[in-house]
Protein chains: 2
Amino acid sequence: MSTAAPSTAAPSTAYERLKTRFARIATLGEAQAMLHWDAAAMMPPGGAESRGEQLATLAGLSHELLVAPVMAEELAAATAEGEWDAANLELMRHAHARATALPGALVEATARANAACETVWREARAASDFARVQPYLAEVVRLQRENAAALSAATGLAPYDALMEGYQRGIGAADVAPIFAAYETFLAEALPRAEEIQARRPAPIALRGPFPVPAQKALCHEMAGRVGLDFAHARLDESLHPFCGGIPTDVRITTRYTEESLAQALLGVLHETGHALYERGLPAHHARQPVGEAAGMAAHESQSLIIEMQAARSDAFLGFLGGRLAEGFGGETAAYAPENLARLWRRVERGFIRVDADELTYPAHVILRFRLEQALIGGELAVADLPGAWNEGFSRLLGMGPPDDARGCLQDIHWHDGAFGYFPSYTLGAMAAAQLMRAARAAVPGLDEALAKGDFAPLTGWLREKVHGQGSRLGFQDLLRAATGKPLDPSDFMAHLNDRYLTD
Amino acid sequence: MSTAAPSTAAPSTAYERLKTRFARIATLGEAQAMLHWDAAAMMPPGGAESRGEQLATLAGLSHELLVAPVMAEELAAATAEGEWDAANLELMRHAHARATALPGALVEATARANAACETVWREARAASDFARVQPYLAEVVRLQRENAAALSAATGLAPYDALMEGYQRGIGAADVAPIFAAYETFLAEALPRAEEIQARRPAPIALRGPFPVPAQKALCHEMAGRVGLDFAHARLDESLHPFCGGIPTDVRITTRYTEESLAQALLGVLHETGHALYERGLPAHHARQPVGEAAGMAAHESQSLIIEMQAARSDAFLGFLGGRLAEGFGGETAAYAPENLARLWRRVERGFIRVDADELTYPAHVILRFRLEQALIGGELAVADLPGAWNEGFSRLLGMGPPDDARGCLQDIHWHDGAFGYFPSYTLGAMAAAQLMRAARAAVPGLDEALAKGDFAPLTGWLREKVHGQGSRLGFQDLLRAATGKPLDPSDFMAHLNDRYLTD
């Protein structure tokens, strides 16, 4: 094992010294990532309290290293040449500015309030009892408003934008609001039409289980491998909530298996594999530097969705997959026909739960949350009034009211864990995925022909060059501009939806 | 998740502040323990390099926190009342003195040399080619001598004793040498006699596999549970080299399964469960304090061996186990008779490999290493002369010479990873296990009757009170004195061997 920093020759410039400092912070972040994964995938319940201490201690040390006075001195003195180094230094300053904007006591109070609220939320959701979590959520919102104000003062951004920036740098409410408004208009017409077209088509034939879990596991490993995951640098395990964790050289994805359903684990693994490929493809020679990280949560979601929604649910790949599933699980042949898989896995259905939503209605779930969280942070909406506002907004968007708060404002962990400004990333990612897929199809000949053979390499090769390998050199809009010739343009997503759901 | 240190009310005394500082260092140690476990049990090979950085960074930060100037000031100022707190403060001073004795450059050079040597050793052992590792091992020894000198200067101990102290505080070569000399004399007579007695008994009937791995796993989980491991705070997984890792609230043991052998995994799990119970039973209200840790490596080994060697291989438990194995795996009934299991699993056999040795000859392997490592650290033995000295010493102890260095001085990782002064712990632990078992049998009525029903509770309850719950309040000798009425007394071990191997 080698030690973190060379001791013989001290780095000679302020920028080189900063790189060493940031690498150390990033290495602590790696340790945290592995411990988070373990907590979700491996840890026995009795380890939870100690794990909380470990993660808090590592987070505290990282914060101390980031806000240390010497860091400000070095950042003031440093200069960097070349595009990557210049971007890296800017990202260092950005991280430092955000970290120093928040007083330690506020950071700590926020962590405590989030943890307390999350715990109570689990009970409240199970009991569909908003009143139980309301005072905790009110405290979380109060502290998020303080955080937003402090970050706003330091960055010059509006308070809610300052929170958004923590998830996707360079994107604010003003970028998102008109896109979401246009989508709402589009959906009002598109949804009934999609439902009508779907109703005229033959009903899908259900895949008949049981699907033995060992066979599903083998299939999921095989498919993740086909998409491009190298298991010398990755694991696939199980957890209650599927996720992609770990670090670029050792990425850990999880899923959940049930004997009754094949789609849940399989499509989930394809989604997480998209995230994993992004991490694996980050520029290795900028590892542990801010510029070597992924370009934000919307960019990340674009990579999971381009695999899961764009490529894996394409006619081309469903043709390949159907054959493979029929081989592996047998049963009725007609059920595995690509047209039937398309009817099953590209089905539009209004529902109350975001994570179960199809790609046409999913943005409505996000739009609702985006508006409500802006109002909560802006102070126009009181936490006590959240259930009513939720139900009203949901009805306006999807034409039906949730029967209870468990299927309404209690369904997501995000707010109850202090994450405000995150939700837009899901839909920005879906839109970027469509835009990138369209550009990839134009740039890479034979992309769909390859997918029809179960070969993702033409697509992922292009993504590696245009997205993964770019790290955080470019912001979200510039990344899209360099890859597709234009900033985020929702019309590619709408064209994709039009092809898939609105064409007879 | 709560943060590590309370921020509102600062601890009011130097000792209280030290407790907070040491808890933080211990929490970093917990993170390292989990990452070590993951590296052995879960990590894909591609994660190794990053993991090395993570562990080195955490070790570096821990060291910085321990040697920080403020630590010396607080230690100088602190006072503690009560037995536990006084012991804790002394252990803090001890840890600080050892850490500050070693210059950072030496710590780093040692870590690098150990890592380099360990890597080359794996190839050298596979090829049975000592020459390949010799220069690397020479560098490791050179640096260990420097470490020993620095620790000696700071502690007043002799250099080799200063290394030993890192594994078992309070035990030096002068404590061990006469015990080992006496054992050598004992063995010269006992070994041929045991072999002769054994030869007169019926030959053991081999257990006939294959033993399906899933059934072995279920059995190992059941047996670990019977011994007292609570899987709400523990996991049992697989790794190449079985070990006990993790932390007291989340202990992680591993084993290795092969279809051909039942004993390897099962007895290994019983051994690691002994270690695990020690960790689980450490005093929770001194968690993350030096006094709350296990009392050293010899004490730790006593707890694995009292379960594996003393209790699990007792006539009483073998009777229970035989029935359980016959149920689980079927086959020839006579093979599972307790007398036959005893013949199989209490068999004396001269061999070249320490880890495969029976409990009678095992100390000979340790005695050889103890003498050689003293000579290496003392400078009386050059690394180039190690294979010859090994083979000569081995022949003198066990009457046969290793056919090659892979079965000689290349077999163990310890020296090649910089661990000098560790080996005596194995035999001190075996002796302590016998002494504790004798005391437990005297103190706890019905201990063997319980084992005969597969019930370890009477034994482990006594161990929890007398050993586990004592943490590091007492040194090795005082711990034994309090538990058994006398310091380490090898005659209990010899009496045990006499009963088991030397009585017709």
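The values are calculated or read from the model by the stated rules, or taken from the named source; none is laboratory data. Since the model is a prediction, treat every value here as computed from it, not as a measurement. Using ideal geometry, Cβ is built from the backbone for each residue, glycine included, and neighbour counts are taken over all protein chains shown. Just so you know, the surface numbers come from the protein's heavy atoms only, side chains and all, with ligands and any DNA or RNA stripped out. Shrake-Rupley method; radii C 1.70, N 1.55, O 1.52, S 1.80 Å.
For segment B:314-328, name all the residues that are part of a helix (DSSP H, G or I) and within 31 Å of the chain's Cα centre (by Cα). Spell out the reasoning first.
Going through segment B:314-328, the residues part of a helix (DSSP H, G or I) turn out to be B:315-328.
B:Asp315, B:Ala316, B:Phe317, B:Leu318, B:Gly319, B:Phe320, B:Leu321, B:Gly322, B:Gly323, B:Arg324, B:Leu325, B:Gly328, listed by residue number.
The C-beta contact set for segment B:490-501 (first residue in contact (Cβ under 8 Å) with a residue 40 or more places away in the chain and assigned by TED's automatic domain parsing to the domain that holds B:Leu428, second residue of a type in the set (S, T, N, Q) and crowded, with 20+ Cβ neighbours inside 10 Å, distance under 6 angstrom, 6+ apart or interchain) comprises B:Asp492/B:Gln435. Tallying residues that are open to solvent by 20 Å² or more (accessible area, probe 1.4 Å) and assigned to a strand (DSSP E or B) within segment B:243-256 yields 1.
Applying the criterion of being of a type in the set (Gly, Ala, Ser) and not in a helix (DSSP H, G or I) to the residues of segment A:52-99, the residue that is farthest from A:Ala116 (Cα to Cα) is A:Gly82. Scanning segment B:112-136 for residues that are in a helix (DSSP H, G or I) and among the small types (Gly, Ala, Ser) yields B:Ala113, B:Ala115, B:Ala116, B:Ala124, B:Ala126, B:Ala127, B:Ala131.
So that you can scan it fast, the table gives a plain yes or no per residue for (1) hydroxyl-bearing (Ser, Thr, Tyr); (2) outside any loop (DSSP other than H, G, I, E, B):
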| position | (1), (2) |
| --- | --- |
| B:Leu143 | no, yes |
| B:Glu146 | no, yes |
| B:Ser152 | yes, yes |
| B:Pro210 | no, no |
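Looking at segment B:324-338 only, could you name the residues that are loosely packed, with under 15 Cβ neighbours inside 10 Å and free of Cβ contacts under 8 Å to residues at least 60 places away in the same chain? Across segment B:324-338, the qualifying residues are B:Glu327, B:Gly330, B:Thr333.
Residue under question is B:Leu240, and the condition is that it be over 18 Å from B:Glu301 (Cβ atoms), assigned to a strand (DSSP E or B) and not polar (S, T, N, Q); does it hold? Even if it seems obvious, please write down each step before you answer.
On the way: over 18 Å from B:Glu301 (Cβ atoms): yes; assigned to a strand (DSSP E or B): no; not polar (S, T, N, Q): yes.
In short, no.
All of (1) within 14 Å of chain B (Cβ to nearest Cβ); (2) open to solvent by 20 Å² or more (accessible area, probe 1.4 Å); (3) touching a Phe, Trp or Tyr at 6+ places or on another chain (Cβ under 6 Å) hold for A:Cys117 with one exception: (2). Once segment A:71-80 is narrowed to residues that are of a type outside the set (D, E, K, R) and under 13 Å from A:Thr100 (Cβ atoms), the residue that is surrounded by the fewest Cβ atoms within 10 Å (Cβ to Cβ) is A:Ala76. Quick one: how many residues across segment A:190-200 are touching a helix residue (DSSP H, G or I) at 6+ places or on another chain (Cβ under 8 Å) and either within 13 Å of another protein chain (Cβ to nearest Cβ) or small (Gly, Ala, Ser) (or both)? Total meeting the criteria: 2.
One residue alone among B:Gly47, B:Gly52 is touching a Ser or Thr at 6+ places or on another chain (Cβ under 9 Å), within 7 Å of another protein chain (Cβ to nearest Cβ), more than 24 Å from B:Leu91 (Cβ to Cβ) and surrounded by 22 or more Cβ atoms within 10 Å (Cβ to Cβ), and that residue is B:Gly47.
Being more than 20 Å from the chain's Cα centre (by Cα) and farther than 30 Å from A:Arg371 by Cβ is the requirement here; does A:Ala406 meet it? Spell out the reasoning first.
Working: more than 20 Å from the chain's Cα centre (by Cα): yes; farther than 30 Å from A:Arg371 by Cβ: no.
So A:Ala406 fails the test.
When the test is whether a residue is in contact (Cβ under 8 Å) with a residue 24 or more places away in the chain, aliphatic (A, V, I, L, M) and touching a Pro at 6+ places or on another chain (Cβ under 8 Å), B:Leu187 passes it. A:Ile171 meets each of the listed conditions (1) surrounded by 19 or more Cβ atoms within 10 Å (Cβ to Cβ); (2) outside any helix (DSSP H, G or I); (3) over 26 Å from the mean Cα position of the chain (by Cα) apart from (3).
Quick grid of which residues meet (1) among the aliphatic types (A, V, I, L, M); (2) open to solvent by 60 Å² or more (accessible area, probe 1.4 Å):
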position: B:Glu165; (1), (2): no, no
position: B:Thr185; (1), (2): no, yes
position: B:Ala188; (1), (2): yes, yes
position: B:Ala194; (1), (2): yes, no
position: B:Arg201; (1), (2): no, yes
position: B:Glu222; (1), (2): no, no
position: B:His241; (1), (2): no, yes
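Taking segment A:223-245 on its own, how many of its residues are over 25 Å from A:Arg122 (Cα atoms) and touching a helix residue (DSSP H, G or I) at 6+ places or on another chain (Cβ under 8 Å)?
Within segment A:223-245, the first condition is being over 25 Å from A:Arg122 (Cα atoms), and the residues that meet it are A:223-236.
Okay, now just the ones that are also touching a helix residue (DSSP H, G or I) at 6+ places or on another chain (Cβ under 8 Å), so A:223-224, A:227-234, A:236.
Residues flagged as over 25 Å from A:Arg122 (Cα atoms) and touching a helix residue (DSSP H, G or I) at 6+ places or on another chain (Cβ under 8 Å) within segment A:223-245 amount to 11.
A:Leu360 - would you say it is of a type in the set (A, V, I, L, M, F, W, C), within 24 Å of A:Asp499 (Cβ to Cβ) and open to solvent by less than 10 Å² (accessible area, probe 1.4 Å)? Against the criterion (of a type in the set (A, V, I, L, M, F, W, C), within 24 Å of A:Asp499 (Cβ to Cβ) and open to solvent by less than 10 Å² (accessible area, probe 1.4 Å)), A:Leu360 qualifies. Evaluating A:Asn88 against the criteria (1) in contact with an Asp or Glu (Cβ under 9 Å, 6 or more places away or on another chain); (2) away from chain B (no Cβ under 12 Å); (3) open to solvent by less than 10 Å² (accessible area, probe 1.4 Å) leaves one unmet condition, (1). Of all residues in segment B:100-111 being in a helix (DSSP H, G or I) and within 14 Å of chain A (Cβ to nearest Cβ), which is surrounded by the fewest Cβ atoms within 10 Å (Cβ to Cβ)? Looking at the filtered set, the residue picked out is B:Ala105. Please indicate, with yes or no, whether at least one residue in segment B:10-25 is at pLDDT below 95 and within 11 Å of chain A (Cβ to nearest Cβ). No, there is no match, as no residue in segment B:10-25 is at pLDDT below 95 and within 11 Å of chain A (Cβ to nearest Cβ). Within segment A:201-258, the set of residues being acidic (Asp, Glu) and away from chain B (no Cβ under 12 Å) comprises A:Glu222, A:Glu238.
Within segment A:419-455, the residues that satisfy the criterion of being open to solvent by 10 Å² or more (accessible area, probe 1.4 Å) and closer than 30 Å to A:Leu386 by Cβ are A:Ala419, A:Tyr422, A:Tyr426, A:Ala430.
Consider B:Ala109 carefully, then state whether it is of a type in the set (Gly, Ala, Ser) and over 25 Å from B:His233 (Cα atoms).
On the way: of a type in the set (Gly, Ala, Ser): yes; over 25 Å from B:His233 (Cα atoms): yes.
Taking the combined requirement at face value, the residue satisfies it.
Answer yes or no as to whether B:Ile377 is of a type in the set (Val, Ile, Thr) and open to solvent by 40 Å² or more (accessible area, probe 1.4 Å).
Working: of a type in the set (Val, Ile, Thr): yes; open to solvent by 40 Å² or more (accessible area, probe 1.4 Å): no.
Here the answer is no, as B:Ile377 does not meet what is asked.
Within segment B:474-504, the set of residues being part of a helix (DSSP H, G or I) and more than 27 Å from B:His94 (Cα to Cα) comprises B:Pro490, B:Ser491, B:Asp492, B:Phe493, B:Met494, B:Ala495, B:His496, B:Leu497, B:Asn498, B:Asp499, B:Arg500, B:Tyr501.
Take B:Met34 and decide whether it is within 14 Å of chain A (Cβ to nearest Cβ) and not in a helix (DSSP H, G or I).
Against the criterion (within 14 Å of chain A (Cβ to nearest Cβ) and not in a helix (DSSP H, G or I)), B:Met34 does not qualify.
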